[in-house]
Amino acid sequence: MTTVADLLESLGDTLQLEVMTEDLSLDREITVPEITSPGLVLAGFVERFVSKRLHALGETEMAYLENLSARERTKSLDTFLSYDLPCVFVTKDQPIPEELFSVARKRKVPVLRSSLSTSQFYRLITPYLREAFSPATKVHGSLADVYGVGLLFVGRSGIGKSECVLDLVERGHRLVADDLVNVTRRGSGVLIGKSEEVTSRFMEIRGVGLVDVSALFGVRAFRQQKRIEVVVELADWDDARDVDRTGLNTKTRDILGVEVPEVVIPLIPGKNITVVSEVVALNHLLKYSGVDSAQNLNDRLVRQMAEKRDLKKYLSEDYE
Amino acid sequence: MIEGKTTISNQMGLHARPAAQLVKLAATFSSKIFLDNGSGDVNGKSIMGVLTLAAECGSDISVKADGTDAEKAVQAIIDLIDSGFGEVAGEA
């Protein structure tokens, strides 16, 4: 749940917000990630009014209110604020009419003022609202940035996800989150992974304990957040398990409704998962730059076999 | 060493997808498995090995296995090859 107080805490400075109604509680829930200006609602036309949105009174609204008599102003604002709005914003440091204060107090709707212009205010508040309302989940796994590709390592506890990420960090790649990844969805197809605030930059290495990765390897070893691009499942070696041998059939895993390509790496002692992980990342980059290794080899093979077959046919009809 | 012979019957030949099916099946047996289409044995459990055969449709192939489940392995692999790898004609 996001409240007006949360918004003020995260964005108070960015939006240059000032609370005008100190006595009113800011513990009011924001239910939709949208902001608008009331416009015609102030003139009494409430038919299409979406009251659950956030509302900003811009210069047009304030100029309109100013043109009204004090009684009309109270009536107009009372209609507007009767909808139990989360709060009301006034932009561009405009002076606030006395009637707005009295109606706001009566309806217990806090009034906040910003020194930004209305359009700037809209532009800066929108990303925050989108983030606050985007679907989120927690994934048990470790996230690393390998050559710019976000690899999410999953697999049973103790299989070596953290050790793999530590090895990657040692080789110049970056840790994003160890053990628990907070995942949020942006738009319809992008997943962003972040660490838990408390444990960020730390990882647990069995036998050693908790280690501070950025203290050990420097600032380059840690990254605040990263798009999740490939899921790498570390699995116990099992002959019966159906593991992709060609890379032609890309499997995917559903996270928050986004299908993320998934690679399963079966483990045996002595296997260098770090190098394999680097290849997974590079192969992903290669695929997205238009080169599909597995498909290319297969095309070459199919062509060769067709040529061989044609030659055989030609020679078989050669009765000299 | 058990040996059996068959002919590749699927139109596209032994390209990557059927090769992957074959090595996956081969991996389920404990016997050593080899394939040969006239240019020497390749490891039947290795995708790169099986691909080097470049065994086109109509080419003869011999399947060899050595181990406790050799007989079963040879039969299973020949059955898979003869099934045409479930490939629909004309599909890569």
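Remarks
- Mean-position separation - Cα centroids, region A:14-45 and region A:84-149, in angstrom: 9
- Note, ³J(HN,Hα) from phi for region A:179-195, Karplus 6.51, -1.76, 1.60, rounded to Hz, x at Gly and Pro: 6, 9, 10, 7, 10, 10, 9, 10, x, 9, x, 10, 10, 10, x, 9, 8
- Gain upon complete extension [A:LYS75, A:ARG206; 0.36 nm per residue less C-alpha separation]: 40.4 nm
- nm² value of the averaged projected area, convex hull over the Cα atoms of region A:144-289: 9.3
- C-alpha long axis of helix A:118-133 to longest principal axis of chain A, angle in °: 50
- Cross-link partners of B:LYS64 among aspartates and glutamates, defined as those whose alpha carbon lies under 14 angstrom from its own and excluding same-chain residues fewer than eight positions apart: B:GLU3, B:ASP36, B:ASP41, B:ASP79.
- Amide H to amide H, with H built 1.01 Å from N, A:ARG28 comes under 5 Å of A:VAL4, A:ALA5, counting only residues 5 or more places away or on other chains.
- Principal-axis tilt of helix A:293-316 within chain A, Cα atoms, nearest 10 degrees: 40
- Dividing the Cα radius of gyration of chain B by its Kirkwood radius returns 0.93 for Rg/Rh.
- Separation of the A:ASN249 and B:ASN43 label points, Cα + 7 Å toward Cβ, nm: 2.3
- Under the combined filter of DSSP loop state and at most 12 neighbouring Cβ atoms within 10 Å, region A:2-98 retains these chymotrypsin sites (Phe, Trp or Tyr not before Pro): A:PHE45.
- Largest GNM mean-square fluctuation among A:ILE273, A:ILE96, A:ILE255, using chain A with Cα springs under 10 Å: A:ILE96.
- Under the Debye formula (equal points on every Cα, no solvent term), log10 I(q)/I(0) of chain A at q = 0.08, 0.15 Å⁻¹: -0.58, -1.09
- Nonlocal amide H pairs with B:ALA55, under 5 Å, H built at 1.01 Å: B:LEU14
- Full extension of the chain between A:SER102 and A:PHE45 gives 18.3 nm of extra length, using 0.36 nm per residue less the Cα-Cα distance.
- Above-threshold pairs, the threshold being 28 Å between Cα atoms, out of A:LYS92/A:LYS226; A:LYS161/A:LYS226; A:LYS313/B:LYS32; A:LYS161/A:LYS251: A:LYS92/A:LYS226; A:LYS313/B:LYS32
- Folded to 0 to 90 degrees: helix B:70-82 orientation relative to chain B principal axis, Cα: 0
- Once the Cα-Cα distance is subtracted from the 0.36 nm per residue extended length, the A:GLU131 to A:GLN224 segment shows a gain of 31.9 nm.
- Radius ratio Rg over Rh of region A:2-132, counting only Cα atoms, Kirkwood formula for Rh: 0.93
- Among the residues of A:297-306, the average count of other protein chain beta-carbon atoms within 10 Å of the residue beta-carbon is 6.
- Residues A:VAL165, A:VAL243, A:VAL213, B:VAL74 arranged by fewest to most Cβ contacts within 10 Å: A:VAL243, A:VAL213, B:VAL74, A:VAL165
All of the numbers you see were taken from the coordinates with simple rules; none came from a lab. Predicted model, so just to flag it, every value in this text is computed and none were measured. Virtual Cβ from ideal backbone geometry, glycine too; neighbours counted across all protein chains shown.
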